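The values are calculated or read from the model by the stated rules, or taken from the named source; none is laboratory data. Nothing here was measured: the structure is a model prediction, and the numbers come from that model. Virtual Cβ from ideal backbone geometry, glycine too; neighbours counted across all protein chains shown.
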Amino acid sequence: MDQDDLRRLIRIIAEEVARTPRTLPSRCSCHSMALDCCPDRVQGMVDAGASRIGVHASGGAAGSVAAMIDHTLLKADASLAEVETLCREAAQFHFATVCVNPTWVATCARLLRGTPVKVTSVVGFPLGATTPDVKNYETRRALFDGAGEIDMVINVGALKSGDLRLVERDIEAVAGPCREAGAVSKVIIEAALLTDEEKVTACTLAKAAGADYVKTSTGFGPGGATVADVTLMRRVVGDQMGVKAAGGVRDLESVKAMIAAGATRIGASAGVRIVQESRGGAVTAQARGY
């Protein structure tokens, strides 16, 4: 696909997204689940003869919340003791991954060996303003050290300059080695810095480059995840990619709102607090402020 074709595709998607009202998915009154996932509605389809049903799941039982969370510690002054605590919490509460800076990947992989918890490393973090070859090396090194998932930051300046080919190469430099290694790639678009059209463009480029997820924010930019951004991103990528909401997601209600909008993964340093809320227990952990 050449530049002109890509720009036309992005314009069509942007116009379609703009025409669609940004409302949360309707929820059934019987189970408080997204309407398409309501057990009674699904059972009706089965009774009518359906042998397979395609739905976009956007909610679930409280017990599944932990498995959607990347337990995150990305602050510059994180200590070994804090990283060890992060890994203990991840193993105890069964989070999807721990999300750490590259220097801690090997440590986390060692501490989490024998558990189902994976390690997520960040690449080009937090500004994204480095070159594709450097991001490619960062990715390969993190995978070598034991990362199973990579969250990379796009070149925001290139996107805003209209250099779409550079942005796509930038994403592919990370998505490519992830595919080869069987790892998951997530593309941070830093939505708070973008117009809606630029958000559509970033998500379209991530999809074209073969990434697995798009992600709202680094948590270090001018704003974090919003329901509107998650909804827009879900519309653009469809059901073929995951959407990760990160930045400012600090309680269960925020998580529920993001899931209802289409998020399939949550990045949060307050993961323990969120899971304790979902289980109806006393909150004993403090958020780390991501």
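Find the residue count for the range 195-211, including only residues that are more than 17 Å from the chain's Cα centre (by Cα) and free of Cβ contacts under 8 Å to residues at least 60 places away in the same chain.
Residues flagged as more than 17 Å from the chain's Cα centre (by Cα) and free of Cβ contacts under 8 Å to residues at least 60 places away in the same chain within the range 195-211 amount to 2.
Kindly provide the set of residues from the range 248-264 that are of a type outside the set (V, I, T), buried (at least 24 other Cβ atoms within 10 Å of the Cβ) and closer than 23 Å to P126 by Cα, ordered by number.
The answer is M258, A263.
Mind checking which residues of the range 255-277 are more than 23 Å from V100 (Cβ to Cβ) and touching a Lys or Arg at 6+ places or on another chain (Cβ under 9 Å)?
From the range 255-277, those more than 23 Å from V100 (Cβ to Cβ) are 256-257, 259-262, 277; that's our starting set.
Listed by number, the residues that qualify are A260, A261, G262.
How many residues does the range 111-143 hold that are buried (at least 20 other Cβ atoms within 10 Å of the Cβ), among the small types (G, A, S) and over 18 Å from T216 (Cβ atoms)?
Residues in the range 111-143 being buried (at least 20 other Cβ atoms within 10 Å of the Cβ), among the small types (G, A, S) and over 18 Å from T216 (Cβ atoms): 2 in total.
Out of the range 70-101, which residues are charged (D, E, K, R) and within 15 Å of the chain's Cα centre (by Cα)? Break it down into steps so the answer makes sense when it comes.
Keep residues of the range 70-101 that are charged (D, E, K, R), which gives 70, 75, 77, 82, 84, 88-89.
If the condition is that a residue be charged (D, E, K, R) and within 15 Å of the chain's Cα centre (by Cα), then D70 is the only one that fits.
Restricting to the range 108-160, and then to whatever is among the hydrophobic types (A, V, I, L, M, F, W, C) and part of a loop (DSSP other than H, G, I, E, B), can you tell me which residue is nearest to E84 (Cα to Cα)? First the steps, then the outcome.
Residues of the range 108-160 that are among the hydrophobic types (A, V, I, L, M, F, W, C), as a first pass: 108-109, 111-112, 117, 119, 122-123, 125, 127, 129, 134, 142-144, 147, 150, 152-154, 156, 158-159.
When the remaining residues are screened for being part of a loop (DSSP other than H, G, I, E, B), the result is 112, 117, 125, 127, 129, 147, 154.
Values: L112: 10, V117: 14, F125: 22, L127: 26, A129: 30, A147: 16, I154: 29 Å.
Ranking the qualifying residues of the range 108-160, first place goes to L112.
Would you check which residues across the range 200-211 are in contact with a strand residue (DSSP E or B) (Cβ under 9 Å, 6 or more places away or on another chain) and surrounded by 21 or more Cβ atoms within 10 Å (Cβ to Cβ) and list them? Even if it seems obvious, please write down each step before you answer.
The initial filter retains those residues of the range 200-211 that are in contact with a strand residue (DSSP E or B) (Cβ under 9 Å, 6 or more places away or on another chain), namely 202-203, 205-207, 209-211.
The answer is A202, C203, L205, A206, A211.
All but one of (1) modelled with pLDDT under 95; (2) part of a helix (DSSP H, G or I); (3) farther than 21 Å from V237 by Cβ; (4) aliphatic (A, V, I, L, M) hold for A50, so report the exception by its number.
For A50, the exception is condition (2).
Just checking, how many residues over the range 238-277 are over 11 Å from the mean Cα position of the chain (by Cα) and either among the small types (G, A, S) or under 14 Å from I188 (Cα atoms) (or both)?
Count: 9.
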